[in-house]
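Notes to accompany the following structure.
The values are calculated or read from the model by the stated rules, or taken from the named source; none is laboratory data. Just so we're clear, the structure is a prediction, and the values are computed from it rather than from any experiment. Note that each Cβ is placed from the backbone with ideal geometry, even for glycine, and that neighbours are counted across all protein chains shown.
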Amino acid sequence: MGAAVRYTLSLHRPEAHLFRVTAECRAPVREGQRFWLPVWLPGSYLVREFARHIVSLRAYCGAREVSVRKVDTHTWQCGALPKDEPLRVEYEVYGKDASVRGAWLDTDGAFFNGSSLFLAFAGREAEPCTLDLAPLPKGWGGREVLSTLPARGKKPLRWRAPDYETLIDHPFAIVEATRLAFRAGGVPHEMALWGRHDCDGERLTADLARICAWQQNLFGMPAPFARYLFLVHATGHDYGGLEHRDCTALVTPRNDLPWPGMTGTPEGYVRFLGLCSHEYFHAWHVKRIRPAAFSPPDLHRENFTRLLWVFEGFTSYYDDLALLRAGVIDEATWRALFAKNLATILQTPGRLRQSVAEASFDAWIKYYRQDENAPNALVSYYTKGALIAAALDLRLRAESKGRVSLDELMRRLWREHGQTARGLEEDEIYAHLAAVGDAAAPGQGAALARWLRTVVEGTRDVDFNRLLAPFGLRLHWKTDASAAAPELGARLSAAQGQGVRLVQVYTDGAAQRAGLSAEDLLIACNGLRLESPAALHAALTRARAGDVLTLHYFRRDELRHTALTVPDAAPRALEILPLEKPTAAQRKLRAGWLQRAAG
């Protein structure tokens with residue numbers, strides 16, 4: 001069967017960041033065809049209105065131009081066609097989004113998601129489509145075209161997709177890249193890495209192979225893809241990732257990559273491996289196991305679900321755990337990562353106002369659109385969702401004496417939803433947990449499901465001291481002397497020698513009680529100029545609890561002053577420490593949880 005829609009993409013003017021696209025519908029609606037561009041892309045829950053980057057658009061039937069009018073922010077309507085021939089839409093798209101979510105084109109290369117470039121023809125979205133790439137610009141001989149979209153026959157620069165959703169789920173990079181290849185579980189994997197770097201590819205591929213193999217073993221062989229590709233852009237400071245069915249697009253600080261001669265596993269490298277692990281896990285959990293609300297996704301509008309704590313949160317638990325279980329990091333490193341995440345949540349006032357179910361539902365208008373009040377009003381369904389996953393894992397293991405774990409729940413989700421393509425209904429996770437919980441402790445599954453619902457729909461903190469005790473571990477708070485003004489109750493930034501900017505002010509903190517607000521510019525403390533956050537931290541460090549400091553600051557263009565009462569120093573850093581004399585049962589549970597294992 002021939003393709004219903006054919007796309008031709010030209011890297012038209014790299015210096016102006018302009019793509020040129022021709023989209024041809026073979027059998028359009030004669031009375032007037034509609035076409036549209038997605039307003040969001042799966043994996044990133046924000047209405048991004050990609051259509052705003054289209055700078056010109058015209059439609060033709062044969063040699064004759066057809067009238068086009070826009071009917072909403074992302075949809076166009078053609079007039080009646082003069083004859084029974086294909087409809088051809090020609091348009092230009094501005095691409096300067098260097099993130100993993102959009103489209104970017106300049107004289108160095110190109111990267112794009114199809115959701116930014118390829119118009120969908122209404123009624124034809126489920127039919128096959130093809131993509132042809134026009135010859136690359138002159139002087140681009142060293143650049144490669146990288147994608148996992150299947151090639152169209154034996155012809156170069158031609159690809160075929162069974163439907164529109166598949167087409168836009170395959171990003172493309174056209175760059176000069178370092179190619180790193182490895183196998184995991186018998187499946188060929190590759191990383192294409194571009195941007196200036198001095199990466200030790202041998203170290204990186206060895207570590208990734210272990211992580212990927214562990215994840216495959218967790219869900220069960222064979223892997224759901226025939227090959228897998230990591231597309232990685234190394235920059236100065238950017239960070240992020242977006243999952244796809246058989247690849248991922250990542251951007252990372254180049255200094256997080258391993259370098260020749262590197263010893264140990266530095267924090268930045270652990271962060272990069274965790275990012276790779278997170279997006280790779282999504283190949284099972286989000287791309288195949290997915291909410292019913294996204295099955296399939298409606299790309300015209302927001303798709304609401306209360307389950308992002310399951311999909312992003314559980315993935316955030318397993319991403320670092322996979323590093324430990326694969327033997328890439330040690331237990332002490334993992335415990336430090338987990339403690340940091342737990343401390344982050346416990347020090348976020350918003351956790352007491354928003355449940356993770358609410359956070360999931362409101363991701364479209366809150367999590368992805370945070371402002372200065374976000375810490376006081378929001379909770380991260382990533383971080384708290386990971387803590388809930390850990391709590392479930394601990395309960396299942398403790399109550400079954402190590403026979404059952406969260407791994408069983410993940411495999412159950414894979415069998416019931418990933419391998420069947422049946423979306424997970426909003427309350428179905430509780431029934432799955434009840435079944436797994438009964439295997440852990442007969443008759444206890446329903447109670448465990450009720451507990452989970454209470455945690456997910458409420459704002460109560462999980463008692464990790466109690467949950468960790470059977471594993472011979474305990475929580476310990478310590479004062480972190482390196483934290484910038486921990487007593488202030490605010491996040492600060494330097495204002496280029498002009499003072500100290502309050503970026504965020506936390507609920508009931510000393511700064512808020514003194515009447516300070518986000519965006520205030522502190523310029524003096526007790527009559528002495530403040531040039532940096534370190535200067536304010538030094539003043540607070542020298543003061544005693546109960547002392548009163550006079551702060552001068554600008555709010556907008558008005559000079560003001562206030563009295564700030566110094567509170568007691570609060571502990572800021574959290575540790576998870578082993579008991580000095582754990583029992584044999586505690587050692588056994590802890591080993592089963594944190595030692596290398598293949599799911």
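Quick look at the values:
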| item | result |
| --- | --- |
| From the options A421, A440, A398, residue that is closer than 26 Å to N217 by Cβ, touching a residue at least 24 places away in the same chain (Cβ under 8 Å), among the small types (G, A, S) and surrounded by fewer than 19 Cβ atoms within 10 Å (Cβ to Cβ) | A421 |
| Residues (over 19 Å from L275 (Cβ atoms) and either outside the structural domain of H189 (by TED's automatic domain parsing) or aliphatic (A, V, I, L, M) (or both)) located in region 214-232 | M221, A223, A226 |
| Region 390-446: number of residues that are charged (D, E, K, R) and in a loop (DSSP other than H, G, I, E, B) | 6 |
| Residue in region 254-265 that is under 19 Å from A206 (Cα atoms) and of a type in the set (D, E, K, R) present | yes |
| Subset of region 59-96 [within 37 Å of the chain's Cα centre (by Cα), in a loop (DSSP other than H, G, I, E, B) and without any contact (Cβ under 8 Å) to a residue 40 or more places away in the chain] | V71, D72, T73 |
| Unmet requirement for L475, which otherwise passes all of (1) surrounded by 16 or more Cβ atoms within 10 Å (Cβ to Cβ); (2) in a helix (DSSP H, G or I) | (2) |
| Which numbered condition L473 misses (of (1) touching a strand residue (DSSP E or B) at 6+ places or on another chain (Cβ under 8 Å); (2) over 30 Å from L579 (Cα atoms)) | (2) |
| Yes/no for T305 being surrounded by 17 or more Cβ atoms within 10 Å (Cβ to Cβ), of a type in the set (S, T, N, Q) and either closer than 30 Å to F50 by Cα or modelled with pLDDT under 95 (or both) | yes |
| Among the candidates D547, D520, D557, residue that is more than 23 Å from T344 (Cβ to Cβ), surrounded by 20 or more Cβ atoms within 10 Å (Cβ to Cβ) and not aliphatic (A, V, I, L, M) | D520 |
| Per-region count, region 357-389, residues over 19 Å from the mean Cα position of the chain (by Cα), surrounded by 18 or more Cβ atoms within 10 Å (Cβ to Cβ) and among the hydrophobic types (A, V, I, L, M, F, W, C) | 0 |
| Qualifying residue in region 477-490 (condition: within 30 Å of the chain's Cα centre (by Cα), in the same structural domain as R335 (by TED's automatic domain parsing) and hydroxyl-bearing (S, T, Y)) | no |
| Answer from L492, L467 - the residue that is touching a Lys or Arg at 6+ places or on another chain (Cβ under 8 Å), within 23 Å of V379 (Cα to Cα) and modelled with pLDDT of 95 or more | L467 |
| Tally of residues being among the charged types (D, E, K, R), assigned to a loop (DSSP other than H, G, I, E, B) and farther than 25 Å from F219 by Cβ across region 232-290 | 1 |
